[in-house]
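One structure below.
Readers should treat all values here as calculations from the given coordinates under stated rules, not as data from a laboratory. In this text the structure is predicted, and so the values were computed from the model without any measurement. Don't worry about glycine lacking a Cβ; one is built from the backbone with ideal geometry, like all the others, and counts go over all protein chains shown.
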């Protein structure tokens with residue numbers, strides 16, 4: 001098992017996934033998720049263009065958007081599809097699926113609402 005500092009370790013609400021044998025115990029889970037590659041980002045180019053035109057967002061590197069001086073939105077790809085990690089409220093990222101056009105439209109609406117556009 002990789003250490004908890006390994007970026008591949010996914011943490012659930014309490015920081016860990018509850019152990020199925022004991023409700024009070026938690027154990028780390030390993031989820032293979034990688035940042036979106038240039039080829040992955042090409043598949044969501046229409047969404048990226050709309051995000052780039054959103055007031056208050058700055059794309060510092062391809063597919064990584066900042067709001068003010070904080071990371072706000074970035075993309076991941078895994079075998080089940082494309083995902084966006086976005087700070088809609090507070091300090092935590094929320095992971096949203098953005099594989100389909102309707103999912104991308106939903107993300108865009110939520111982002112625009114969060115930045116006050």
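Computed from label points 7 Å out along Cα-Cβ, the spacing between residue 99 and residue 66 is 3.3 nm.
Order these by the 10 Å Cβ neighbour count, fewest first: 99, 54. Spell out each step's value before the answer.
Details: 99 14, 54 18.
The most exposed by this proxy come first: 99, 54.
Overall shape: oblate for segment 45-84, with the ratio a/c of the largest to smallest alpha carbon gyration tensor axis at 1.5 or above and b/c at least equal to a/b.
Under 1.5 on a/c is rounded, so check that first for segment 73-117, then, if it is not, pick prolate when a/b is larger than b/c and oblate when it is not; a ≥ b ≥ c are the square roots of the alpha carbon gyration tensor eigenvalues. Mind dumping the intermediate values first?
Values: a/c = 3.14, a/b = 1.40, b/c = 2.24.
Note, shape of segment 73-117 comes out oblate.
Sequence-distant contacts, meaning Cα pairs under 8 Å at least 6 residues apart, place the relative contact order of segment 45-117 at 22 percent. Overall, the anisotropy analysis places segment 33-114 in the rounded class: the square-rooted eigenvalues a ≥ b ≥ c of its C-alpha gyration tensor yield a/c less than 1.5.
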